[in-house]
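*Asks:* One structure, pasted below without further comment.
The values are calculated or read from the model by the stated rules, or taken from the named source; none is laboratory data. A quick note: this is a predicted structure, and the numbers were derived from the prediction, not measured. Note that each Cβ is placed from the backbone with ideal geometry, even for glycine, and that neighbours are counted across all protein chains shown.
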Amino acid sequence: MIGPQSGPMLQQAVSALGPPAGVRVWLACGRTDMRKGMDGLAMLAQQVLNEDPFGGAVFAFRGRRGGIIKLLWYDGQGVCLYTKRLERGHFVWPMSETGRVALTPAQLSMLLEGIDWRMPQRVRRPELAG
């Protein structure tokens, strides 16, 4: 059976998709045509973001309505394309004069979970033990 009821293997598979520490992450600000595939998005990374799409960085693109995100990266063997659609809500997306914003891998993980990565809520540190 495939789906949320498939047990602990689901969590392992999802956590394996997280970005490795130290990877550069670029968000393409504005709207992207979500009909684009690997080649079209790699061309945007190169021509619009002025980055090498084969340099190991992760490039994130969002469509007009904001419910779909596509991630493009080169893993050393080939180009990978990851797509995620939120069932409710939209991905928080910045606007920038440069057309791109850099994120940390942790911020990308929050973004993919539908969390507002700009102002995450921190857990307060306890003042007293016991």
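Residue by residue, here is whether (1) more than 18 Å from Asp116 (Cα to Cα); (2) more than 12 Å from the chain's Cα centre (by Cα) holds:
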{"residue": "Ala42", "(1), (2)": "yes, yes"}
{"residue": "Gln47", "(1), (2)": "yes, yes"}
{"residue": "Asp52", "(1), (2)": "yes, yes"}
{"residue": "Arg62", "(1), (2)": "no, no"}
{"residue": "Arg85", "(1), (2)": "no, no"}
{"residue": "Pro94", "(1), (2)": "no, yes"}
{"residue": "Ala102", "(1), (2)": "no, no"}
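*Asks:* If you don't mind, there's one more thing I want to ask. Got a sec? Which of Met43, Met110 is part of a helix (DSSP H, G or I), closer than 24 Å to Gly22 by Cα and touching an Asp or Glu at 6+ places or on another chain (Cβ under 8 Å)?
*Replies:* Values: Met43 fails: touching an Asp or Glu at 6+ places or on another chain (Cβ under 8 Å).
Only one candidate qualifies: Met110.
*Asks:* From the list Pro19, Pro4, which one is buried (at least 16 other Cβ atoms within 10 Å of the Cβ), modelled with pLDDT under 85 and farther than 22 Å from Met95 by Cβ?
*Replies:* Details: Pro4 fails: buried (at least 16 other Cβ atoms within 10 Å of the Cβ).
Answer to the check: Pro19.
*Asks:* OK, next. Does the range 85-93 include one or more residues that are within 18 Å of Pro19 (Cβ to Cβ), among the β-branched types (Val, Ile, Thr) and assigned to a strand (DSSP E or B)?
*Replies:* First, pick out the residues of the range 85-93 that are within 18 Å of Pro19 (Cβ to Cβ): 91-93.
Filter once more, so that each one left must be among the β-branched types (Val, Ile, Thr): 92.
With the extra rule that they be assigned to a strand (DSSP E or B), the set shrinks to none.
No, the range 85-93 contains no residue that is within 18 Å of Pro19 (Cβ to Cβ), among the β-branched types (Val, Ile, Thr) and assigned to a strand (DSSP E or B).
*Asks:* Could you tell me how many of the residues in the range 75-118 are surrounded by 12 or more Cβ atoms within 10 Å (Cβ to Cβ), in contact with a Gly (Cβ under 8 Å, 6 or more places away or on another chain), more than 16 Å from Phe59 (Cβ to Cβ) and of a type in the set (A, V, I, L, M)?
*Replies:* The total comes to 1.
*Asks:* Which residue pairs have Cβ atoms under 6 Å apart, sit 6 or more places apart or on different chains, and have a first residue in the range 108-119 that is free of Cβ contacts under 8 Å to residues at least 60 places away in the same chain and a second that is in a helix (DSSP H, G or I) and of a type outside the set (A, V, I, L, M, F, W, C)?
*Replies:* Going by the 6 Å Cβ cut-off, the qualifying pairs are Trp117/Gln107.
*Asks:* Under 6 Å between Cβ atoms, which residue pairs at least 6 apart in sequence (or on different chains) link something in the range 24-35 that is without any contact (Cβ under 8 Å) to a residue 60 or more places away in the chain with a partner that is aromatic (Phe, Trp, Tyr) and outside any loop (DSSP other than H, G, I, E, B)?
*Replies:* Close Cβ pairs (under 6 Å, with a partner that is aromatic (Phe, Trp, Tyr) and outside any loop (DSSP other than H, G, I, E, B)) amount to Thr32/Phe61.
*Asks:* On to the next question. Does Leu72 satisfy the condition of being buried (at least 18 other Cβ atoms within 10 Å of the Cβ), touching a helix residue (DSSP H, G or I) at 6+ places or on another chain (Cβ under 6 Å), of a type outside the set (Lys, Arg) and not in a loop (DSSP other than H, G, I, E, B)? Spell out the reasoning first.
*Replies:* Values: buried (at least 18 other Cβ atoms within 10 Å of the Cβ): yes; touching a helix residue (DSSP H, G or I) at 6+ places or on another chain (Cβ under 6 Å): yes; of a type outside the set (Lys, Arg): yes; not in a loop (DSSP other than H, G, I, E, B): yes.
Answer is yes for this residue.
*Asks:* Same structure again: In the range 75-112, what residues are at pLDDT 85 or above and charged (D, E, K, R)?
*Replies:* Asp75, Lys84, Arg85, Glu87, Arg88, Arg100, listed by residue number.
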